[in-house]
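Data block below; observations after.
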Amino acid sequence: MSTTLSQITQTGPALLIDSASARVQLALLRADNDALWETQTGEAGTAIFSCAEKLLARASLKLDGVAAFVFCDGPGSVLGIRTAAVALRAWRVLRERPVCSYCSLALAARFLAKTENARNLSLIADARRDTWHHVGIDADGRVSALRRVPTAELDGALAMPEHFRNWTPLPPDVRVTPYALETMLPALAGEPLFVPAPEPDAFLHEEPVYQTWTPRIHQAG
């Protein structure tokens, strides 16, 4: 069941981690949309823990005082997201706490639809192998479900969140839109964008399929 940030912080402060882009963003979220923010551009394995340490020190809080965790499970940097997921799994071993996740593109799309009245716009992020993660805003401002789309099937107005990496060449005329959660989340405080994530991990469109191999003893011909 989806929930809002206001509901998540009812029981105490929540630590938010977004490592989907090259700009790692962390927040200590408290009731009434009160939040402390730390951001750092660079390697997620360093930035996540550095920002978390600074936030807790600013709030005079220990990790045990965090009541819940929120994280972006993608799309975005799989390595960065999995680094966050590993941290959350480890911290939950110390003390069991709820975790919720959200989709980067859905959040960005809802923000643009609400604050800029964006319509008929597709938000994309690189999915490798000449495909793109895709979330659309239709003519009525509705945000579609996340899907994967080949480059050849992209059409209409396109936008990609700032600081998101791409390996496939960008389609022509892609707009780069800000991805600053400190600005975006207060505007979406009442939106049910967050879902329970009891086993934190990076989002996958489908589970990987591994080819099986049956060993055989080599025999001379």
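Things worth noting here:
- The residues of region 40-84 that are more than 24 Å from Leu94 (Cα to Cα) and in contact (Cβ under 8 Å) with a residue 40 or more places away in the chain, listed by number, are Thr41, Gly74, Pro75, Gly76, Ser77, Val78.
- Single unsatisfied condition, Ala44 versus (1) within 14 Å of Ala197 (Cα to Cα); (2) open to solvent by less than 60 Å² (accessible area, probe 1.4 Å): (1)
- Tallying residues that are modelled with pLDDT under 95, of a type in the set (A, V, I, L, M) and over 17 Å from Pro186 (Cβ atoms) within region 1-30 yields 1.
- Restricted to region 132-148, and to residues there that are of a type in the set (A, V, I, L, M, F, W, C) and under 15 Å from the mean Cα position of the chain (by Cα), the residue that is most open to solvent (accessible area, probe 1.4 Å) is Ala145.
- Filtered residue count, region 47-87, keeping only those that are open to solvent by less than 60 Å² (accessible area, probe 1.4 Å) and outside any loop (DSSP other than H, G, I, E, B): 22
- Region 1-30, residues that are among the aliphatic types (A, V, I, L, M) and within 12 Å of Ala67 (Cα to Cα): Ile8, Ala14, Leu15, Leu16, Leu28, Leu29
- Among the conditions (1) under 26 Å from Trp132 (Cα atoms); (2) in contact with a Leu (Cβ under 7 Å, 6 or more places away or on another chain), the only one that Asp73 does not satisfy is (2).
- Hey, Leu29 open to solvent by less than 20 Å² (accessible area, probe 1.4 Å) and either part of a strand (DSSP E or B) or not aliphatic (A, V, I, L, M) (or both) or not: yes
- Index of the failed condition, Ala90 passing every other in (1) without any contact (Cβ under 8 Å) to a residue 60 or more places away in the chain; (2) among the small types (Gly, Ala, Ser); (3) part of a loop (DSSP other than H, G, I, E, B): (3)
- Here the condition is being over 27 Å from Gln10 (Cα atoms) and of a type outside the set (Val, Ile, Thr); of Ala108, Ala125, Ala59, Ala67, it holds for Ala125 alone.
The values are calculated or read from the model by the stated rules, or taken from the named source; none is laboratory data. All values reported here derive from a predicted model rather than from experimental measurement. Glycine gets a Cβ as well: all are built from the backbone with ideal geometry, and neighbour counts include every protein chain shown. Protein only, heavy atoms only, side chains kept; ligands, DNA and RNA dropped before computing areas. Shrake-Rupley method; radii C 1.70, N 1.55, O 1.52, S 1.80 Å.
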